[in-house]
Amino acid sequence: MEKDLFIYINGEYHPKPQAKVSVYDHGLLYGDGVFEGIRAYDGVVFKLKQHIDRLYRSARVIMLDILLTKAEMINAVLETLRKNNLHNAYIRLIVTRGVGDLGLDPRKCPKPTMIIITDVIKLHSSEAKEKGIRAIIVWVKRDPVDATSHEVKSLNYMNSIMGKIEANITGFDEAICLDKNGHISEGIAENLFIVQKGVIITPPTSTGALVGITRDVAMKLAGKLGYTAVERNITPTDLFTADEAFFTGTAAEIVPIVEVNKRIIGNGNPGSITRKLMQEFEKTVRDPTEGTPIY
Ligand code: PMP
């Protein structure tokens with residue numbers, strides 16, 4: 001039976017079936033808002049402070065005033081987890097422009113809506129982690145940095161959804177987006193890495209990719225394991241001919257990519273450096289010094 005979960009909305013807790021917002025909320029009407037996806041592992045919220053920092057950075061760009069301080073926001077997240085007695089969870093933190101009229105002018109929205117959903121985590125199939133996934137570079141370009149770039153984690157995910165639709169209808173597990181110059185940007189909700197001759201490479205965020213927190217962790221772990229990790233443009237040819245490739249993300253964690261547009265990556269199995277990073281990542285997410293304890 002599903003657990004009764006409480007959802008935080010503007011400082012109050014509502015049982016999941018009654019957790020509702022207005023149809024005049026500009027988060028719904030216009031995708032006007034920002035969010036974070038965060039995970040808790042065995043009672044530790046991994047990189048909570050970094051996620052909160054990114055939320056406030058996103059909000060600053062779209063000129064949305066979050067009414068809570070960062071410390072209050074952290075407490076609200078931890079309290080919601082405690083209220084639901086969760087140790088392992090996926091946390092969705094959402095701040096919308098709030099309720100306004102049917103026009104899109106944000107000045108008509110006096111108060112942001114704040115939502116914290118803490119749900120039980122659905123684990124990714126261990127098969128995907130074991131065997132790796134098959135991805136396709138899609139026609140939908142990542143929104144550029146002078147548009148609704150994914151550098152801001154906004155509620156506008158149509159760009160990623162269009163990518164996912166292409167992966168779905170062509171029978172691939174995941175989509176990879178290019179930037180408008182034809183360089184690899186990222187997955188739909190994951191950053192992308194390749195390994196070439198032992199060097200770990202990820203595209204710069206000037207391709208419109210999100211400054212991923214798992215991306216940052218993967219680069220640091222690569223350094224710790226003695227590898228060089230760099231930000232550099234990646235062409236489709238670089239990807240097709242890479243020794244290894246993998247995605248990183250809060251939900252995805254680290255997932256090997258073994259095929260791109262039917263080109264086999266490396267020998268078609270998850271690469272050895274990718275595997276080492278996955279093992280190191282498993283340890284890091286449970287390290288209390290890498291996150292914030294719930295209890
Ligand atoms: N890119 C996009 C577009 C995303 O939505 C996400 C998920 N937040 C990522 C990359 C991975 O970022 P993170 O490691 O911070 O979850």
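The values are calculated or read from the model by the stated rules, or taken from the named source; none is laboratory data. Every value quoted in this text rests on a predicted model; they were computed, and no experiment measured them. Here the Cβ is made from the backbone with ideal geometry for all residues, glycine too, and neighbour counts use every protein chain on show. When the accessible area is computed, the model is the full protein with side chains, heavy atoms only, and any ligands, DNA or RNA have been set aside. Shrake-Rupley method; radii C 1.70, N 1.55, O 1.52, S 1.80 Å.
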Review point. In the structure displayed, which of 20/83; 20/283; 49/141; 20/70; 16/131 lie more than 29 Å apart, Cα to Cα?
Key: 20/283; 49/141; 16/131
Review point. Regarding the chain, what whole-number volume in Å³ per residue does the convex hull of its Cα atoms give?
Key: 136 Å³
Review point. What do you get when you divide the Cα radius of gyration of segment 65-137 by 2.2 N^0.38 Å, with N the number of residues?
Key: 1.60
**Study point:** Of all accessible heavy-atom area on the chain, the percent that carbon and sulfur account for (1.4 Å)
**Key:** 55 percent
Revision key, fill the gap. Only helices counted: for the chain, with every DSSP H run of 4 or more residues adding -39500 (n - 2.57) and the sum spread over all residues, [θ] at 222 nm is -8000 deg cm²/dmol
Review point. Helix 158-170 sits at what angle to the longest principal axis of the chain, using alpha carbons and giving 0 to 90 degrees rounded to 10?
Key: 50 degrees
Check your understanding: For the chain, what is the accessible area per residue in Å² when the probe is 1.4 Å?
Key -> 48 Å²
Study note, to complete from the structure: Bounding extents of segment 1-132 in its principal axis frame from Cα atoms, largest first in Å, are 48, 31, 31
Check your understanding: Using mean Cβ contacts within 10 Å as the protection proxy, how do 265-276, 180-191 order, highest first?
Key -> 180-191, 265-276
Review point. What are the radius of gyration and Dmax of segment 152-295, computed over its Cα atoms and given in Å?
Key: 15.0, 48
Check your understanding: For segment 1-61 and segment 107-169, what is the separation of their C-alpha centers, rounded to whole Å?
Key -> 15 Å
